Amino acid sequence: MAEPKTKYDRQLRIWGEQGQAALEKASICLLNCGPTGSETLKNLVLGGVGSITIVDGSKVEFGDLGNNFMVDDSSLGQSKAKCVCSFLQELNDAVKAKFIEEYPEALIDTNPSFFSQFTLVVATQLVEESMVKLDRICRQENVMLIFARSYGLTGLVRISVKEHTVIESKPDHFLDDLRLNNPWPELRGFAEAIDLNVQDPVAHKHIPYVVILVKMGDEWKTSHGGTLPSNREQKREFKELLKARMTAMDEDNYKEAIDASFKLFAPQGISSDLQQIINDSRAEVGSSSSDFWVMVAALKEFIANEGGGEVPLEGSIPDMTSSTEHYVNLQKIYQAKSEADYLVLEERVRNILKKIGRDPHSIPKATIKSFSKNARKLKVCRYRSIEDEYNNPSPAELQKYLTDEDYSIAVGFYILLRAVDRYAANFNHFPGQFDGGLDEDISRLKTTAVSLLNDLGCSGLTLTEDLINEMCRFGAAELHAVAAVIGGIASQEVIKLITKQFVPMTGTFAFNAIDHKSQLLNLC
């Protein structure tokens with residue numbers, strides 16, 4: 001085990017051993033191993049994914065040598081899937097790699113059950129018809145699916161799963177769970193035992209700001225009808241009171257208390273996002289409910305009973321100016337409360353499992369503990385099917401994006417990527433794909449785009465001539481520089497889905513290499 005820990009040291013610091021274990025168990029299928037697919041899979045192989053299967057029926061051609069680093073001169077005429085598979089295997093021999101020399105479109109049509117064996121499918125460079133079919137198959141088999149496509153100087157990434165639940169969402173900015181506005185008896189007792197008016201200057205400057213805010217908050221409530229500062233003037237006045245308690249200019253603990261006073265003013269209870277999760281119909285659990293929703297049901301009970309409107313305490317405290325003794329004792333108080341809350345939640349989880357006829361110990365302690373510590377940060381992501389997005393578009397959303405100067409090019413490329421698929425279905429080639437006839441291709445693509453806009457409920461709106469001309473000039477080329485960006489984004493989202501850490505994108509990621517912009521279109 002020492003070798004993998006050394007090998008994956010940096011990423012273990014991000015998603016931990018549990019996340020790495022999930023990656024190493026995952027089985028990934030890649031459809032089409034051009035530059036977009038190869039770049040996506042390269043990142044996952046280097047990250048230590050369990051196994052990969054590449055599906056591509058094409059041979060390596062001369063043009064592939066200029067945009068795909070995973071083939072070389074010796075690969076010409078050989079199976080592209082075989083060559084890319086061999087190269088990727090060299091990058092990480094711990095990954096099991098195999099290839100199937102078949103066109104993905106044929107496999108989707110003739111052998112849909114093939115995809116049920118995988119954890120996740122990465123489908124690159126598929127046209128609309130195949131995307132819809134594959135999405136239907138993967139949803140039926142509960143296989144996660146990511147679409148990625150590079151087309152000239154644009155590209156997109158789109159996740160499609162029925163539901164994805166996240167316990168460790170790891171937001172960049174989140175309020176510390178200190179409960180300063182609602183201290184439990186042990187925290188209050190600890191604070192009350194410390195004298196803010198202590199005469200010893202060393203002791204005075206080493207009182208933790210948590211204690212200062214709890215005690216000063218209680219003082220404020222005593223003289224303000226039991227309420228904490230709520231408006232700007234009251235908050236300013238409270239900070240002045242904190243400043244007045246300083247006995248020297250170098251008392252960093254009081255400066256920290258002033259800076260952290262917003263943590264005292266934060267509202268009690270749970271966020272609207274979490275309220276929405278515990279009110280979700282899936283929180284009414286049965287024997288077929290997932291572990292996540294069983295734990296949500298237990299959390300709902302906890303909040304209504306032992307929690308008194310709050311979730312289990314996280315149990316960690318930030319760094320702060322303090323004596324070692326005070327800080328260690330404060331840590332112990334928070335950890336003890338967190339552990340006590342976890343044990344109550346665990347008992348409720350076991351009882352619910354028993355009630356719905358499942359093994360009371362089927363959810364591991366470590367999973368419940370992680371859920372308990374991250375209860376404030378739970379996320380549930382749901383995605384429309386590709387078929388629903390395409391057949392039942394949201395004209396209001398599309399019109400909003402089309403008339404927004406910041407988003408008009410991104411949504412223009414999104415629409416044109418659909419338009420070129422219609423074009424190819426009608427004319428058996430993509431616009432600008434072959435030399436000569438560019439003007440005719442531009443005219444045909446413009447007509448196709450107008451027809452598509454009408455079907456999307458956006459009649460009267462148009463795409464710029466420049467954008468249509470650019471799309472034809474792209475000639476369906478897969479440029480390595482663009483593919484590397486799209487592959488990087490796609491592999492990042494794969495890791496989020498597999499590790500169930502961080503929050504995956506909930507829209508269509510559109511990349512515009514002309515203006516060096518990437519944007520998320522919330523159409524799904």
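The values are calculated or read from the model by the stated rules, or taken from the named source; none is laboratory data. No experiment lies behind these values; they were computed from the predicted model shown. Cβ sites come from the backbone with ideal geometry, for glycine too, and all protein chains shown count toward neighbours. What goes into the accessible areas is simple: the full protein's heavy atoms, side chains included, and nothing from ligands, DNA or RNA. Shrake-Rupley method; radii C 1.70, N 1.55, O 1.52, S 1.80 Å.
Computed quantities for the displayed model
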{"item": "Verdict on V161 being at negative phi and under 15 Å from the mean Cα position of the chain (by Cα)", "result": "yes"}
{"item": "Residue in segment 151-159 that is closer than 28 Å to F371 by Cα and either assigned to a strand (DSSP E or B) or open to solvent by less than 50 Å² (accessible area, probe 1.4 Å) (or both) present", "result": "yes"}
{"item": "Complete set of residues in segment 290-318 that are small (G, A, S) and open to solvent by 20 Å² or more (accessible area, probe 1.4 Å)", "result": "S290, A304, G308, G309, S316"}
{"item": "Looking only at segment 370-385, and only at residues there that are within 16 Å of K170 (Cα to Cα) and among the charged types (D, E, K, R), the one that is most open to solvent (accessible area, probe 1.4 Å)", "result": "K373"}
{"item": "Given (1) open to solvent by less than 40 Å² (accessible area, probe 1.4 Å); (2) at positive phi, number of the condition T508 does not satisfy", "result": "(2)"}
{"item": "In segment 167-188, the residues that are open to solvent by 40 Å² or more (accessible area, probe 1.4 Å) and more than 19 Å from P318 (Cα to Cα)", "result": "P185"}
{"item": "Whichever residue in segment 421-440 is outside any loop (DSSP other than H, G, I, E, B) and out of contact with any helix residue (DSSP H, G or I) (no Cβ under 8 Å at 6 or more places or on another chain) and, among such residues, is farthest from E465 (Cα to Cα)", "result": "A424"}
{"item": "Evaluation of N142 against (1) touching a strand residue (DSSP E or B) at 6+ places or on another chain (Cβ under 6 Å); (2) among the polar types (S, T, N, Q); (3) without any contact (Cβ under 8 Å) to a residue 24 or more places away in the chain (one fails), failing number", "result": "(1)"}
{"item": "Residue among A106, A94, A123 that alone is more than 30 Å from A513 (Cα to Cα), of a type outside the set (S, T, N, Q) and either open to solvent by less than 10 Å² (accessible area, probe 1.4 Å) or not in a helix (DSSP H, G or I) (or both)", "result": "A94"}
{"item": "Per-region count, segment 319-331, residues open to solvent by 30 Å² or more (accessible area, probe 1.4 Å) and in a helix (DSSP H, G or I)", "result": "7"}
{"item": "Any pair with Cβ under 7 angstrom, 6 or more apart, that starts in segment 294-307 at a residue that is under 18 Å from E339 (Cα atoms) and ends at one that is open to solvent by 10 Å² or more (accessible area, probe 1.4 Å) and acidic (D, E)", "result": "I303/E310"}
{"item": "Scope segment 36-70; condition in a helix (DSSP H, G or I) and touching a residue at least 60 places away in the same chain (Cβ under 8 Å); matching residues", "result": "T36, G37, S38, E39, T40, L41, K42, N43, L44, G47, G66"}
{"item": "Tally, over segment 127-150, of residues that are crowded, with 21+ Cβ neighbours inside 10 Å and not polar (S, T, N, Q)", "result": "10"}
{"item": "Residue count for segment 13-65, restricted to those that are more than 17 Å from V157 (Cβ to Cβ) and either among the polar types (S, T, N, Q) or surrounded by fewer than 17 Cβ atoms within 10 Å (Cβ to Cβ) (or both)", "result": "19"}
{"item": "Options Y390, Y407, Y383, Y327; residue that is of a type in the set (S, T, Y) and more than 30 Å from I468 (Cβ to Cβ)", "result": "Y327"}
{"item": "Some residue of segment 85-96 being modelled with pLDDT of 95 or more, among the charged types (D, E, K, R) and under 24 Å from A424 (Cβ atoms)", "result": "no"}
{"item": "Residues of segment 428-472 that turn out to be open to solvent by less than 20 Å² (accessible area, probe 1.4 Å) and more than 16 Å from L416 (Cβ to Cβ), as a count", "result": "0"}
{"item": "Whichever residue in segment 218-252 is among the charged types (D, E, K, R) and outside any helix (DSSP H, G or I) and, among such residues, is farthest from L196 (Cα to Cα)", "result": "D250"}
{"item": "Identity of the residue in segment 194-210, part of a helix (DSSP H, G or I) and touching an Asp or Glu at 6+ places or on another chain (Cβ under 9 Å), that ends up nearest to S261 (Cα to Cα)", "result": "Y209"}
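Each row is one residue, and each column tells you yes or no for (1) among the small types (G, A, S); (2) part of a helix (DSSP H, G or I); (3) surrounded by 18 or more Cβ atoms within 10 Å (Cβ to Cβ).
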position	(1), (2), (3)
A336	yes, yes, no
Y342	no, yes, yes
L345	no, yes, yes
D359	no, no, no
I368	no, yes, yes
E387	no, yes, no
D406	no, no, no
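Residue by residue, here is whether (1) over 30 Å from I356 (Cα atoms); (2) not in a loop (DSSP other than H, G, I, E, B) holds:
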| position | (1), (2) |
| --- | --- |
| F262 | yes, yes |
| I270 | no, no |
| S289 | no, no |
| W293 | no, yes |
| V296 | no, yes |
| E301 | no, yes |
| P312 | no, no |
